[in-house]
Each structure stands twice: as structure tokens, then as C-alpha cells.
Amino acid sequence: MVGNGSHWAIGGGLDFSVKLWEKNDQNIKLTGVANYRYMFEDTEKRTLGLKKDDGTPVNWGQYRLAGALHGTYAIPTANILTKNVEVEPGSQVDAVLYFTYNNGGWTIDLGYNFFWKEREDVKLKGTDFESATYAILKTDYTGAAAIADGDFALLGSAVTDVNVAAAGTWDTGYQLNRSHVDTAAAETPSMDTHKIFAGVGYNWKEWEYPLMLGIGGAYEFAGNDGIENWQVYGKIGMKF
């Protein structure tokens with residue numbers, strides 16, 4: 001997912017700047033910016049997961065193989081589990097607080113950035129699901145031969161052979177139904193990150209077209225399921 005997936009949102013922001021100290025052409029400022037948005041539900045296509053009859057998730061179930069009733073060859077379970085879903089991303093917060101020291105043309109920044117997003121809520125949309133059409137194959141199925149009755153696995157704690165009745169229906173416990181779809185596997189979990197940054201720059205304010213050059217760096221560490229990283233950046237600006 002790039003960005004926010006074109007979801008509509010409502011939000012607001014607050015920013016302030018306070019001059020804490022000043023002497024001659026020197027000063028120290030404190031600046032804060034905070035933005036909040038709530039993103040509404042919209043339709044996306046995602047690959048869902050599997051869970052057993054008791055609700056226990058099947059690890060990497062969407063990457064297992066499945067077979068159709070009286071079918072011959074296996075297909076990826078992801079082909080069955082990739083569906084239209086309703087996704088509600090919920091709340092996001094992005095806030096920055098930093099100090100700035102100005103001395104003539106020199107500027108030094110030191111600050112902190114906080115980002116948080118709520119866990120998504122994903123629901124299977126509509127009634128489009130091939131219930132009682134497929135069953136999950138055992139993990140040791142090699143695909144070297146046509147599917148046999150003994151190649152199927154229970155969506156429960158036991159893994160035993162399955163017998164297909166002469167009438168052409170699955171034995172209870174093997175058929176893959178809508179109740180086995182795990183939407184939580186497709187939900188992006190809650191995430192928060194914390195970033196500390198610092199930078200220095202110089203502004204040639206006396207020029208006819210003032211020029212600003214700056215360089216900085218940051219370290220971002222994850223509080224919950226975020227990405228830890230280092231950053232180095234440069235800035236250039238011209239006023240005309």
C-alpha cells in the first residue's frame with residue numbers, strides 16, 4: 001500500500017511557535033506542529049488468511065495449497081482468499097516538536113517527531129465466497145500426482161485422511177467455508193515510531209536573491225511494529 005489507499009478522511013491540526021530567548025541577533029524558538037486525521041472505510045482487494053474451526057489462525061494459511069471437490073490439481077489458497085474487503089484505517093497522528101537556535105545567518109535545529117496509526121479493521125465484503133467447494137491440502141502434498149482423498153487436511157488440530165462420500169460431498173470438518181476466513185491476517189497492525197533529528201543551515205539573507213543551505217540527520221526507532229532507520233538529508237532554498 002502506497003500512501004493511504006485513496007481513503008477519505010477528516011482531521012485537524014495545531015501549530016505554534018514561541019520565542020524563548022533573544023539577545024542581539026541571536027534567539028531560541030520552540031515550534032510545535034500536530035496533525036490528526038480519521039480515515040473512513042472503503043473497498044480494497046486484499047489476500048486474507050485462514051483460521052480453524054476454533055478460531056485459531058492457520059500460520060501462513062494463505063500460502064497453502066487447496067483442492068476442489070473432485071478436482072484433479074491443486075491451486076494456491078491465495079486465489080480463493082483474495083477478495084474485496086471493507087477496510088477502515090481509523091486514526092493517525094503526526095506531531096513534531098523542535099528547538100531552533102538562530103545566530104545571524106546560522107540556524108541549528110533539534111527536535112522530536114512522533115507518528116502513530118490505529119490498527120485497521122478489515123471485513124469481508126458481501127457474500128462472495130466459494131463455501132464447501134475447496135479443502136486445504138496437507139503440507140506434505142507434492143503435486144506430483146493427481147489429488148487423492150488422503151491428501152486433504154482438517155482445519156482443526158487433527159490432520160487425518162478425508163473420505164469423499166459417494167454422493168460427492170465433503171466429510172464434515174474438511175470443507176473450507178466463509179467461517180474459516182481470517183480477516184485479521186490482512187489488517188495492518190497499530191504502529192508508532194519516534195524520531196530524533198538535528199540539522200544546521202546557513203542563510204545568505206543579504207543577497208538580492210537570498211539562498212539557504214542546510215544539512216541534517218535523524219534516527220527513527222520503532223515503538224510498535226515500525227521500521228528502525230537512520231537518515232541523512234540536505235536542504236536548499238532560494239527566495240525571489
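In the set 79, 24, which member is at pLDDT below 95, polar (S, T, N, Q) and within 30 Å of residue 205 (Cα to Cα)?
Result of the check over 79, 24: 24.
Just to confirm my filter: which strands (runs of 3 or more DSSP E) fall fully inside region 24-143 and include at least 2 residues that are of a type in the set (A, V, I, L, M) and in contact (Cβ under 8 Å) with a residue 24 or more places away in the chain?
Correct list: 26-39, 65-68, 82-88, 90-103, 106-117, 121-124, 134-136.
Of all residues in region 196-212, which are farther than 20 Å from residue 106 by Cβ and exposed (fewer than 13 other Cβ atoms within 10 Å of the Cβ)?
208
Considering only residues that are loosely packed, with under 15 Cβ neighbours inside 10 Å, touching a residue at least 12 places away in the same chain (Cβ under 8 Å) and closer than 30 Å to residue 83 by Cα, which ones fall in region 2-23?
Scanning region 2-23 gives 4, 5, 6, 8, 9, 10, 11.
Kindly provide the set of residues from region 175-195 that are exposed (fewer than 14 other Cβ atoms within 10 Å of the Cβ) and in contact with a Phe, Trp or Tyr (Cβ under 9 Å, 6 or more places away or on another chain), ordered by number.
Within region 175-195, 178 is the sole residue that qualifies.
When the residues of region 46-65 are filtered to those that are of a type in the set (D, E, K, R) and surrounded by 15 or more Cβ atoms within 10 Å (Cβ to Cβ), which remaining residue is modelled with the lowest pLDDT?
52
Can you tell me which of 78, 68 is in contact with a strand residue (DSSP E or B) (Cβ under 6 Å, 6 or more places away or on another chain), surrounded by 14 or more Cβ atoms within 10 Å (Cβ to Cβ) and within 23 Å of residue 119 (Cβ to Cβ)?
Only one candidate passes the filter, namely 78.
So, of the residues in region 103-124 that are buried (at least 17 other Cβ atoms within 10 Å of the Cβ) and over 28 Å from the mean Cα position of the chain (by Cα), which turns out to be nearest to residue 222 (Cα to Cα)?
If we take residues in region 103-124 being buried (at least 17 other Cβ atoms within 10 Å of the Cβ) and over 28 Å from the mean Cα position of the chain (by Cα), then 109 is nearest to residue 222 (Cα to Cα).
Which residues, counting only those in region 213-240, are surrounded by 11 or more Cβ atoms within 10 Å (Cβ to Cβ), closer than 18 Å to residue 110 by Cβ and of a type outside the set (Ser, Thr, Tyr)?
214, 215, 216, 217, 218, 220, 221, 231, 235
Mind listing whichever residues of region 178-227 are in a loop (DSSP other than H, G, I, E, B) and either without any contact (Cβ under 8 Å) to a residue 60 or more places away in the chain or closer than 30 Å to residue 64 by Cβ (or both)? Don't jump to the end; show me each part of the working.
Of the residues in region 178-227, the ones in a loop (DSSP other than H, G, I, E, B) are 187-190, 205-210, 225-227.
Within region 178-227, 187, 188, 189, 190, 206, 207, 208, 209, 210, 225, 226, 227 qualify.
Yes or no: residue 18 at pLDDT 95 or above and assigned to a strand (DSSP E or B)?
Yes: the conditions hold for residue 18.
Give the residues of region 125-174 that are at pLDDT below 60, surrounded by 12 or more Cβ atoms within 10 Å (Cβ to Cβ) and under 31 Å from the mean Cα position of the chain (by Cα), sorted by residue number.
Matches in region 125-174: 156 only.
The values are calculated or read from the model by the stated rules, or taken from the named source; none is laboratory data. Because the structure is predicted, anything quoted here is derived from the model rather than measured. Positions of Cβ are backbone-derived with ideal geometry, glycine not excepted, and every protein chain shown enters the neighbour counts.
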